[in-house]
Amino acid sequence: MTDWFSKLTPDIHHRLDNLQQSFGEILDRSMDRSVRLAVTGLSRSGKTVFITSLVHQLIHGVNSQHLPFFKIVDSDRLLGTKAQPQPDLHIPSFRYDLAVDKLSANPPDWPQPTSGISEIRLAIRYKPANPVLARFSPVNTLYVDIIDYPGEWLLDLPLLDLSYEQWSEQTAALCDKEPRLRLSNTWRTFMDGVDVTQPATDETLRKASQLFTDFLMECKKKEHGLTLLQPGRFTMPGDLKGAPLLEFCPLLRIPSNTTKSGNDFYHVMKRRYESYKEHVVRKFYREHFSRFDRQIVLADVLKAFNTGHETFQDMRTAINLVLKSFQYGKNNFFSRLLNGKIDKLLFAATKADHVTPNQLPNLERFLQLMLTEANNNVMFEGVETETVALASLQCTKAVTQQYQGQALSCIQGIQKEGDKSVAVFPGEIPADIPLPEDWVDGRFRFLDFRPPHLPNVRNGVLPHIRMDRALEFLLGDKFS
Ligand SMILES: Nc1nc2c(ncn2[C@@H]2O[C@H](COP(=O)(O)OP(=O)(O)O)[C@@H](O)[C@H]2O)c(=O)[nH]1
Ligand SMILES: [Mg+2]
């Protein structure tokens with residue numbers, strides 16, 4: 001580095017670095033050499049495990065025998081993949097290493113649930129398929145950026161389109177029906193005793209928001225399994241734990257005759273809601289969610305089966321709602337450069353190793369039925385979509401068991417609670433969405449499993465179901 005350059009102030013150094021980085025990114029985007037992949041899914045749908053598996057399959061892809069549908073591997077054009085310094089230096093790095101440590105521990109365990117945002121950039125080196133391009137540039141690089149975040153925060157995105165009054169009405173309507181009617185009882189009773197047109201003490205405001213938060217946390221418990229829980233930071237505060245920004249709640253009824261603004265309960269809560277939207281939600285959206293090229297939507301359909309009809313409907317509404325917050329459409333040179341739109345979307349039913357292999361088509365069909373609304377909306381924008389049932393990490397194997405003289409297709413794995421190996425008949429995925437009355441107790445019982453013992457994970461073997469199809473759909477055309 002020349003002398004004059006080293007004498008520049010650190011601030012100018014920093015700006016030059018930023019400029020150089022932005023220029024590099026614009027160049028990569030204009031040449032279609034970078035992809036921002038949106039991994040979208042509600043809490044516990046399998047995002048962190050999916051990202052870990054995707055990184056693993058790519059890093060170990062060169063010699064992989066396990067990715068037959070990922071054409072770049074099958075045609076020997078993949079030269080290697082490395083995790084690289086990410087573009088946003090202020091965001092923590094996605095800890096792929098820690099996730100692999102957990103999976104390869106003895107006994108193996110799942111990665112920690114996610115409580116904050118993290119990011120990873122992968123650089124994939126490959127030989128172009130096009131012989132003309134290959135002459136000019138025998139080795140190309142595709143950059144793939146992925147962020148991981150708590151699924152709870154996704155539910156904040158739809159709030160951007162809702163006024164305080166609309167959000168209050170929506171919440172009140174949800175609380176009119178079971179199981180929320182029962183679970184919200186304490187909060188509703190407290191609110192019935194508050195005159196929202198009068199100024200309120202700090203204590204009343206705090207109590208109202210605390211009871212509302214308690215209600216959301218109760219809804220989230222495994223036995224209720226509800227997912228449409230807003231605001232997202234109330235159930236997963238992350239770095240905002242205890243912050244006054246989280247002290248507000250909706251109203252059960254909006255009063256008709258109040259002043260335009262003031263210090264009454266209603267207006268204080270309204271201002272806090274707007275402040276949350278501005279400082280938390282809009283910031284999150286602007287920084288991380290406003291620009292994607294490809295998307296995978298992960299859904300744990302089997303969890304919804306286990307908990308019943310209301311949970312299923314709740315999950316369905318939540319996913320369809322969240323997907324309205326993304327930008328879809330075909331890209332041209334300029335749109336790719338400026339903001340980027342999602343032009344391919346993969347719907348994935350996760351944890352497909354919880355069912356027998358013959359049920360995979362039914363699982364896919366069921367996910368299609370569940371997300372018909374979202375699928376119609378994005379197809380209308382000219383977006384290519386596909387549905388796949390996948391397991392980022394296959395924890396079970398298919399076995400046949402004899403039951404009352406008949407051969408029964410079962411799966412065998414180590415149960416998550418306890419460390420016993422069990423063989424179970426998990427049940428069949430219905431061809432259609434069952435009616436509420438068909439959702440009888442115990443009809444579906446899909447067990448959770450531990451990761452299998454993975455002695456070869458560091459040598460490249462992470463068993464999966466259909467990760468290669470997902471990779472091909474999401475990235476395959478970028479390697480032309
Ligand atoms: N059997 C099986 N379980 C999985 C798989 N992926 C995720 N899980 C289970 O789902 C849980 C949540 O996954 P995680 O990726 O942390 O979900 P996230 O909240 O969306 O990031 C894990 O702890 C596992 O119990 C999979 O491919 N197979
Ligand atoms: Mg996670």
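The values are calculated or read from the model by the stated rules, or taken from the named source; none is laboratory data. Please read all numbers here as calculations on a predicted model, not as lab measurements. Neighbour counts run over all protein chains shown; Cβ positions are idealised from the backbone, glycine included.
Numbers at a glance
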{"item": "Residue identified as away from ligand 2 (no atom under 16 Å from the Cβ) and assigned to a helix (DSSP H, G or I) among LEU345, LEU360", "result": "LEU360"}
{"item": "Residue within the stretch 102-125 that is under 19 Å from ASP293 (Cβ atoms) and free of Cβ contacts under 8 Å to residues at least 40 places away in the same chain present", "result": "yes"}
{"item": "Filter result for PHE292 (of a type in the set (Phe, Trp, Tyr) and surrounded by 22 or more Cβ atoms within 10 Å (Cβ to Cβ))", "result": "yes"}
{"item": "Hits in the stretch 409-445 (condition: of a type in the set (Val, Ile, Thr), at pLDDT 85 or above and within 20 Å of LEU363 (Cα to Cα))", "result": "ILE411, VAL424, ILE429, ILE433"}
{"item": "In the stretch 257-287, the residues that are of a type in the set (Gly, Ala, Ser) and not in a helix (DSSP H, G or I)", "result": "SER261, GLY262"}
{"item": "Test set (1) in contact (Cβ under 8 Å) with a residue 24 or more places away in the chain; (2) in the same structural domain as LEU226 (by TED's automatic domain parsing) - LEU162 fails condition number", "result": "(1)"}
{"item": "Residue in the stretch 194-216 that is surrounded by 14 or more Cβ atoms within 10 Å (Cβ to Cβ), more than 30 Å from ARG286 (Cβ to Cβ) and of a type in the set (Lys, Arg) present", "result": "yes"}
{"item": "Residues that are within 29 Å of THR235 (Cβ to Cβ) and among the small types (Gly, Ala, Ser), drawn from the stretch 70-118", "result": "SER93, ALA99, ALA105, SER115, GLY116, SER118"}
{"item": "Listing of helices (runs of 4 or more DSSP H) fully contained in the stretch 116-202 that carry 2 or more residues being away from ligand 1 (no atom under 16 Å from the Cβ) and more than 21 Å from LEU252 (Cβ to Cβ)", "result": "131-136"}
{"item": "Subset of the stretch 36-88 (residues that are surrounded by fewer than 17 Cβ atoms within 10 Å (Cβ to Cβ), touching a residue at least 12 places away in the same chain (Cβ under 8 Å), polar (S, T, N, Q) and assigned to a loop (DSSP other than H, G, I, E, B))", "result": "SER75"}
{"item": "Residue ranges of strands (runs of 3 or more DSSP E) in the stretch 392-456 with at least 2 members among the polar types (S, T, N, Q)", "result": "397-403, 406-414"}
{"item": "Some residue of the stretch 124-145 being at pLDDT 95 or above and within 16 Å of ligand 2 (Cβ to nearest atom)", "result": "no"}
{"item": "Number of positions in the stretch 263-281 that are surrounded by fewer than 14 Cβ atoms within 10 Å (Cβ to Cβ) and in contact (Cβ under 8 Å) with a residue 24 or more places away in the chain", "result": "4"}
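Conditions tested, residue by residue: (1) in a helix (DSSP H, G or I); (2) outside the structural domain of ILE91 (by TED's automatic domain parsing); (3) in contact (Cβ under 8 Å) with a residue 40 or more places away in the chain.
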site	(1), (2), (3)
MET217	yes, yes, no
HIS224	no, yes, yes
GLN230	no, yes, yes
CYS249	no, yes, yes
PRO255	no, yes, yes
GLU310	yes, no, yes
